[in-house]
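Here the structure is laid out as structure tokens; the discussion comes afterwards.
The values are calculated or read from the model by the stated rules, or taken from the named source; none is laboratory data. Computed from a prediction, not measured in an experiment: that's the story for all the values here. We place every Cβ from the backbone using ideal geometry, glycine too, and count neighbours over all the protein chains shown.
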Amino acid sequence: MTVTDLSGRTVLIAGATSTVGLAATRTLLAAGARVVATGRDAGRLAPLAALGARTEVVDLADEAAVARLAERLGGDGTAIDGVLHLVGGWRGGGGLAGQTEEDYRVLETSFSALRHVSRAFDEDLRRSPAGRLAIVSSTTVARPLAGGANYAAVKAASEAWVLAVAQGYTKTARDAGAPLRAAGVIFRVASLAGLEDAVARAYAELWDATAEDANGSVIEIHGDGVR
């Protein structure tokens with residue numbers, strides 16, 4: 001299998017302490033990228049640091065904290081070429097009556113984090129020779145169930161945000177009369193279990209595609225590959 005060469009690229013993994021975050025860190029480092037792994041728990045970030053990632057403890061749902069992270073990285077001369085958004089979680093069940101406000105607010109932090117991170121690093125991604133923003137969403141967006149209404153609603157909002165970011169990339173390039181270099185992409189999975197490495201590879205392979213082909217795309221990842 002050909003390994004994508006990401007030498008010289010720096011990728012921020014937002015919410016890197018999950019199993020898919022670990023897989024993405026390994027894949028990206030193996031491809032030659034520099035990785036900035038973020039999370040709220042220093043202890044859970046330690047295995048990523050051991051792999052060679054730079055780790056940053058930050059609550060990505062806190063807009064001011066994300067702004068400070070961007071300033072800190074910028075002050076170190078670290079320009080971000082890619083963002084992989086993995087902040088998420090699941091709460092649901094019990095039909096529509098079981099969709100509590102508390103559950104929704106917990107799930108909503110993923111969307112808040114996406115908005116904060118994509119804004120804070122928007123200029124970096126636009127300036128990069130090949131900026132890549134991707135989120136991991138769910139196939140439930142297309143087929144929502146009552147017992148997962150909160151979850152599907154947050155994922156749908158996140159997808160809409162990424163598509164809006166993608167349109168912004170296109171407009172900026174068009175208005176400047178410049179080639180499109182940044183891309184916003186949505187990955188959809190039914191479940192991440194067993195697909196961690198597939199998601200990591202799919203993200204790394206975004207640099208093998210042109211920005212025109214990747215920008216605004218929705219890619220489903222299954223056990224038998226991508227669609």
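Tabulated values for the structure
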| read-out | value |
| --- | --- |
| Among residues of region 105-132, those that are in a helix (DSSP H, G or I), among the hydroxyl-bearing types (Ser, Thr, Tyr) and under 22 Å from residue 33 (Cα atoms), counted | 1 |
| Scope region 180-194; condition free of Cβ contacts under 8 Å to residues at least 60 places away in the same chain, more than 23 Å from residue 80 (Cβ to Cβ) and not hydroxyl-bearing (Ser, Thr, Tyr); matching residues | 188, 189, 190, 193, 194 |
| Any chance residue 152 is in contact with a helix residue (DSSP H, G or I) (Cβ under 7 Å, 6 or more places away or on another chain) and either part of a helix (DSSP H, G or I) or closer than 18 Å to residue 24 by Cα (or both) | yes |
| Complete set of residues in region 33-47 that are buried (at least 17 other Cβ atoms within 10 Å of the Cβ) and either in contact with a Leu (Cβ under 7 Å, 6 or more places away or on another chain) or assigned to a loop (DSSP other than H, G, I, E, B) (or both) | 33, 35, 36, 37, 38, 39 |
| Among residues of region 203-226, those that are at pLDDT 95 or above, more than 21 Å from residue 14 (Cβ to Cβ) and out of contact with any helix residue (DSSP H, G or I) (no Cβ under 8 Å at 6 or more places or on another chain), counted | 5 |
| When residues of region 1-31 are limited to those that are in contact with an Asp or Glu (Cβ under 6 Å, 6 or more places away or on another chain) and surrounded by fewer than 24 Cβ atoms within 10 Å (Cβ to Cβ), the one farthest from residue 74 (Cα to Cα) | 19 |
